[in-house]
Amino acid sequence: MQTIDYRPHVPVVRECDVLVIGGGPAGIGAAVGAAKTGARTVLVERYGFLGGNATASLVGPFMTSFSADGKTQLIRGVFDELVRRMEATGGAVHPSKVPAAVAKSAYMKHGHTGVTPFDPEAMKLASAELCLEHGVELLLHTSFIDPIVDAGAVRGAILHNKGGLQAILAGSSVDCSADADVAARAGVPFKQGRASDGLTQPMTMFFRVGNVDRAGVDAYFRAHPEEIEQRMAFSSCIRAAQANGDYTIPRERLSLYESPQEGVWRVNVSRILGVDGTKVEDLTRAEVEGRRQVMEIFRFLRGYVPGFAECTLIDTAAQVGVRETRRIDGEYTLTLEDLISGRDFEDTIAYCAYPIDIHDPKGAGGGISNKGETANAYQIPYRCLVPLGVEQLLVAGRCVSATHEALGAIRVMPPSFAMGEAAGTASALALQEGVPPRQVPIPWLRQTLAEHGAYLGPNV
């Protein structure tokens, strides 16, 4: 490959205690967690708003934050603070009010008790206000370029915005890029895709439609209750369209979620196969193919799905939704067996219960899978956030240390909030203690998280 030599002098524009890269759910949790713990915190986000997949990719609702039996809210802390803020303005419905098998949970039972419908516009404002009120400094419209690494430790980052290349020096950094961009460029080893062939889950272009008649949709499921039981929502509609050559999407069921606003639904149906979210060429292809599929799906909804005959297209996501890319090698790798057994860890920083949700990288199958029923509540240990080989760096979100199968459960947004809050809190505590983040005292971390509202088990 041809190369050029390019060595600019980059001005240091800021110094902080904790630098968070990426303003999605994990980044919001990390920034607020660090600031609550007394750290001077800077949050860097490439878009002009926060939220990541929740806003830029229109992904929603937030999947369940409750135990599998629906009795205990497991993910609280920053996540719950944000949801209640949105709920107060009519921009969300608290998960405690959303049962399974209704319009707001896509008429699904398994893993869909206690989802959180929310408006992405409410999310943009509420998340920014939450960060600012806790003292986080926001740098929007700013892209991460490279970590600043010295003697095996991350000391900050090179960034780019309208002011040109800039540097921020930091005592500790949290990689919430979703793709482990900071960690990978700092030299942290990682894995990608499933073990058999390296393929990752397909991407989806979310979109929203308005003017939906929910009474018509409800009537359909009263006539087809078996589709709820079989996890095959709207499958008869798909078969009818396929018979007429009007449905070519490699997806065997529909995921349609009613929003807080009357008549507005999110559509999670498109499926772009064979793409790698770490390659710009693949992302480009996915954006174009995703929008092509949106138009086909929109015509199909109007022609074949009860309640959607008069629906209108509101918008498509600004960015295609990516389910999976890199997974760091950390001090511990979370496994499918850990989730099924509900294994206890001494360094637990989050409880979750979302089931294994792996979309087939090669075909139409997937979603909530049959790889094994996860425990009523399973745990994520702090060591999954701690990368091998590099100091002063933690990782949070869908790129933590986990197997492909375990990631299929913890990749969704509520666990990302919880992991981010733990990473930000740990970064701040480690600086106070004068130790690297991997050596932060776990009892102190867990106590601080609990004091800030996180759920860490019935006895904490």
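The values are calculated or read from the model by the stated rules, or taken from the named source; none is laboratory data. Note that the coordinates shown come from a computational prediction; the quantities given were computed from them, not determined experimentally. Quick reminder, even Gly has a Cβ in these numbers, built from the backbone with ideal geometry, and neighbours come from all protein chains shown.
Of everything in region 34-55 that's in contact with a strand residue (DSSP E or B) (Cβ under 9 Å, 6 or more places away or on another chain) and small (Gly, Ala, Ser), which residue is surrounded by the fewest Cβ atoms within 10 Å (Cβ to Cβ)?
Gly38
Tell me, which helices (runs of 4 or more DSSP H) lie completely within region 370-459 with 1 or more residues that are among the acidic types (Asp, Glu) and over 23 Å from Asp329 (Cα atoms)? Before you say what the answer is, go through the steps one by one.
Numbers: elements: 404-410, 413-433, 442-451.
In region 370-459, 413-433, 442-451 are the helices (runs of 4 or more DSSP H) which contain 1 or more residues that are among the acidic types (Asp, Glu) and over 23 Å from Asp329 (Cα atoms).
Would you call Gly90 outside the structural domain of Thr374 (by TED's automatic domain parsing), on the phi > 0 side of the Ramachandran plot and either modelled with pLDDT of 95 or more or assigned to a loop (DSSP other than H, G, I, E, B) (or both)? Can you show your working first?
Working: outside the structural domain of Thr374 (by TED's automatic domain parsing): no; on the phi > 0 side of the Ramachandran plot: yes; either modelled with pLDDT of 95 or more or assigned to a loop (DSSP other than H, G, I, E, B) (or both): yes.
It is false that Gly90 is outside the structural domain of Thr374 (by TED's automatic domain parsing), on the phi > 0 side of the Ramachandran plot and either modelled with pLDDT of 95 or more or assigned to a loop (DSSP other than H, G, I, E, B) (or both).
Does any residue of region 395-409 turn out to be modelled with pLDDT of 95 or more, β-branched (Val, Ile, Thr) and touching a Ser or Thr at 6+ places or on another chain (Cβ under 7 Å)? Outline the logic, then answer.
Here is the first cut: in region 395-409, the ones modelled with pLDDT of 95 or more are 395-409.
So of that shortlist, the ones also β-branched (Val, Ile, Thr) come out as 395, 400, 403.
Those still in the list that are touching a Ser or Thr at 6+ places or on another chain (Cβ under 7 Å) too: 403.
Yes: one or more hits.
Out of Gly152, Gly164, Gly156, which single residue is more than 23 Å from the chain's Cα centre (by Cα), surrounded by fewer than 14 Cβ atoms within 10 Å (Cβ to Cβ), within 27 Å of Leu50 (Cα to Cα) and not basic (Lys, Arg)?
Values: Gly152 fails: within 27 Å of Leu50 (Cα to Cα); Gly156 fails: surrounded by fewer than 14 Cβ atoms within 10 Å (Cβ to Cβ).
When all the criteria are applied, what remains is Gly164.
Check whether at least one residue in region 233-244 is within 24 Å of the chain's Cα centre (by Cα), not assigned by TED's automatic domain parsing to the domain that holds Met123 and not polar (S, T, N, Q), and report yes or no.
Taking region 233-244 first, the residues within 24 Å of the chain's Cα centre (by Cα) are 233.
From the residues that got through so far, the ones that are not assigned by TED's automatic domain parsing to the domain that holds Met123 too are 233.
If we keep only those that are not polar (S, T, N, Q) too, we end up with 233.
Looking for residues that are within 24 Å of the chain's Cα centre (by Cα), not assigned by TED's automatic domain parsing to the domain that holds Met123 and not polar (S, T, N, Q), one finds at least one in region 233-244, hence yes.
For residues in region 56-109 being small (Gly, Ala, Ser) and touching a strand residue (DSSP E or B) at 6+ places or on another chain (Cβ under 7 Å), which is surrounded by the fewest Cβ atoms within 10 Å (Cβ to Cβ)?
So the first thing to find is which residues in region 56-109 are small (Gly, Ala, Ser), and the list is 56-57, 60, 65, 67-68, 70, 77, 88, 90-92, 96, 100-101, 103, 105-106.
Filter once more, keeping what is touching a strand residue (DSSP E or B) at 6+ places or on another chain (Cβ under 7 Å): 57, 60, 65, 91-92, 96, 103, 106.
Working: Ser57: 22, Gly60: 25, Ser65: 30, Gly91: 22, Ala92: 25, Ser96: 14, Ala103: 19, Ala106: 23.
Looking at the filtered set, the residue picked out is Ser96.
Conditions tested, residue by residue: (1) in contact (Cβ under 8 Å) with a residue 12 or more places away in the chain; (2) among the charged types (D, E, K, R); (3) within 27 Å of Leu254 (Cα to Cα).
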{"position": "Ser67", "(1), (2), (3)": "yes, no, yes"}
{"position": "Glu81", "(1), (2), (3)": "yes, yes, no"}
{"position": "Thr89", "(1), (2), (3)": "yes, no, no"}
{"position": "Met108", "(1), (2), (3)": "yes, no, yes"}
{"position": "His134", "(1), (2), (3)": "yes, no, no"}
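Of all the residues that make up region 193-219, how many are part of a helix (DSSP H, G or I) and buried (at least 17 other Cβ atoms within 10 Å of the Cβ)? First the steps, then the outcome.
At the first step, the residues of region 193-219 found to be part of a helix (DSSP H, G or I) are 214-219.
Imposing the further condition that a residue be buried (at least 17 other Cβ atoms within 10 Å of the Cβ) reduces the set to 217.
Of the residues in region 193-219, 1 are part of a helix (DSSP H, G or I) and buried (at least 17 other Cβ atoms within 10 Å of the Cβ).
Filter region 51-77 down to the residues that are under 21 Å from Thr204 (Cβ atoms) and either in a strand (DSSP E or B) or not β-branched (Val, Ile, Thr) (or both) and list them by number. Full working, then the answer.
Step one: of region 51-77, the residues under 21 Å from Thr204 (Cβ atoms) are 51-64.
The answer is Gly51, Gly52, Asn53, Ala54, Ala56, Ser57, Leu58, Gly60, Pro61, Phe62, Met63.
Exactly one of these conditions fails for Arg46: (1) within 19 Å of Ser143 (Cα to Cα); (2) assigned to a loop (DSSP other than H, G, I, E, B); (3) under 13 Å from the mean Cα position of the chain (by Cα); (4) not aliphatic (A, V, I, L, M). Give me its number.
So the condition that Arg46 fails would be (3).
Of these, Ala180, Ala170, which one is surrounded by 24 or more Cβ atoms within 10 Å (Cβ to Cβ) and at positive phi? Before you say what the answer is, go through the steps one by one.
Values: Ala170 fails: at positive phi.
So the residue among Ala180, Ala170 that is surrounded by 24 or more Cβ atoms within 10 Å (Cβ to Cβ) and at positive phi is Ala180.
Filter region 66-92 for residues that are touching a helix residue (DSSP H, G or I) at 6+ places or on another chain (Cβ under 8 Å) and under 30 Å from Ser143 (Cα atoms) and give the result.
If the condition is that a residue be touching a helix residue (DSSP H, G or I) at 6+ places or on another chain (Cβ under 8 Å) and under 30 Å from Ser143 (Cα atoms), then Ile75, Gly77, Val78, Phe79, Glu81, Leu82, Val83, Arg85, Met86, Gly91, Ala92 are the ones that fit.
Any residue in region 17-29 that is part of a loop (DSSP other than H, G, I, E, B), assigned by TED's automatic domain parsing to the domain that holds Leu431, in contact with a Pro (Cβ under 9 Å, 6 or more places away or on another chain) and closer than 25 Å to Leu449 by Cβ?
As a first pass, look at region 17-29 and keep what is part of a loop (DSSP other than H, G, I, E, B): 22-24.
From what's left, assigned by TED's automatic domain parsing to the domain that holds Leu431: 22-24.
With in contact with a Pro (Cβ under 9 Å, 6 or more places away or on another chain) added as a condition, the list becomes none.
Within region 17-29 (the criterion being part of a loop (DSSP other than H, G, I, E, B), assigned by TED's automatic domain parsing to the domain that holds Leu431, in contact with a Pro (Cβ under 9 Å, 6 or more places away or on another chain) and closer than 25 Å to Leu449 by Cβ), the answer is no, since none of the residues qualifies.
Rundown of residues vs (1) among the small types (Gly, Ala, Ser); (2) surrounded by fewer than 23 Cβ atoms within 10 Å (Cβ to Cβ); (3) touching a residue at least 40 places away in the same chain (Cβ under 8 Å), yes/no style:
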residue: Gly408; (1), (2), (3): yes, no, yes
residue: Phe417; (1), (2), (3): no, no, yes
residue: Ala422; (1), (2), (3): yes, no, yes
residue: Leu431; (1), (2), (3): no, no, yes
residue: Val435; (1), (2), (3): no, yes, no
residue: Arg438; (1), (2), (3): no, yes, yes
residue: Gly453; (1), (2), (3): yes, yes, yes
residue: Gly457; (1), (2), (3): yes, yes, yes
residue: Val460; (1), (2), (3): no, yes, no
